[in-house]
Amino acid sequence: MTAIPQGRTRRTALVSAACALAVTGAMVLTGCSSEDPDAGTNGVGKLAPDRIQAKTRAAADGAPALRLSGTVVTSGRTYKLDMRLKADGGTGSVTSEGTTFGLLRVGQQLYLKADADFWSHGGDTGAAGKLDGKYVKVPQGDPAYKKFSGFTDKAVLLDGLLTLHGKLATDGHHDQSGTRTIRITGDAGSGGTLDVSLQGRPYPLRLVRAGSAGTLRFSDWGKDFTVTEPAKSETVDYGKQLPTS
């Protein structure tokens, strides 16, 4: 049995007494708390914010699939997204100005699915009836392809979303739907905030975009899904350009 030096015993007793007094007097003394907010985590909470951002981006890029939901504000218009994304395609819904439509991308082919009201906004009621509830092929030369294909592209979306602007800093430990996170900020929050998982891989879980440009949640990381061409009976090829809507 190893003897404990009396000096060490005395110091331990004094620290314990000081901590007891701190609790009694509602004081906070550095070193009295035994709780480590990063205990049992993946350790990224102890890193510098730029390294957290880099590891988060690497984890996101390496994931085969994810689900993204929330709002994006671009060019003065708000889009509500609920998309499942992977490298070779994506599927989900987009709502803007009270109108909801579905998007499906298989490889490079993009399909848009909406009701007759969506298609009749351009005044072509005849086309609206034919396109109602169908998967409409979007030609790559049509303006709608450039506008909406990015909502189905995992690489494009993550590249545009996961970079905070300004000076990076950490903003404490948080919780997102039961998962412990570390929050990093750009320019004290004005450049956006990103909550990163402290459990498992350091995936991004919640993003508040700079300039009030929307809030997004990321989930189902790594959960694969299938994107397949719709049946021919449900598909319409309108030609080189879609009707205005």
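The values are calculated or read from the model by the stated rules, or taken from the named source; none is laboratory data. What you see is a predicted model; the values in this text were computed from it and never measured. Cβ coordinates were reconstructed from backbone atoms using ideal geometry, including for glycine residues, and neighbour counts include every protein chain displayed. Note: accessible area is taken over every heavy atom of the protein model, side chains too, but ligands, DNA and RNA are not part of it. Shrake-Rupley method; radii C 1.70, N 1.55, O 1.52, S 1.80 Å.
Observations on the structure shown:
- Out of GLY62, GLY129, sole residue that is more than 19 Å from ASP159 (Cα to Cα) and open to solvent by 20 Å² or more (accessible area, probe 1.4 Å): GLY129
- Residue count for the range 84-107 satisfying the condition of being closer than 17 Å to SER120 by Cα and either of a type outside the set (Ser, Thr, Tyr) or crowded, with 16+ Cβ neighbours inside 10 Å (or both): 4.
- Listed by first and then second residue, the pairs linking a residue in the range 138-157 that is open to solvent by 50 Å² or more (accessible area, probe 1.4 Å) to a residue that is in a helix (DSSP H, G or I), with Cβ atoms under 9 Å apart and 6 or more places separating them unless they lie on different chains, are GLN140/LYS146; GLN140/SER149; ALA155/ASP61; VAL156/SER149; VAL156/GLY150.
- Residue-level analysis places THR56 among those that are at pLDDT 95 or above, among the hydroxyl-bearing types (Ser, Thr, Tyr) and not in a strand (DSSP E or B).
- Residue within the range 46-53 that is at pLDDT below 95, among the polar types (S, T, N, Q) and not in a loop (DSSP other than H, G, I, E, B) present: no
- Residue within the range 222-232 that is part of a strand (DSSP E or B) and under 17 Å from the mean Cα position of the chain (by Cα) present: no
- Given (1) open to solvent by 70 Å² or more (accessible area, probe 1.4 Å); (2) closer than 24 Å to ALA58 by Cα; (3) in contact (Cβ under 8 Å) with a residue 40 or more places away in the chain, number of the condition ASP237 does not satisfy: (2)
- Residue selected from the range 196-232 under the condition surrounded by fewer than 19 Cβ atoms within 10 Å (Cβ to Cβ) and among the polar types (S, T, N, Q), by the criterion nearest to ARG105 (Cα to Cα): THR228
- Filter pass, THR170 being among the hydroxyl-bearing types (Ser, Thr, Tyr) and over 24 Å from LYS223 (Cβ atoms): yes
- Residues within the range 170-195 that are of a type in the set (Gly, Ala, Ser) and either within 18 Å of GLU35 (Cβ to Cβ) or open to solvent by 40 Å² or more (accessible area, probe 1.4 Å) (or both), tallied: 5
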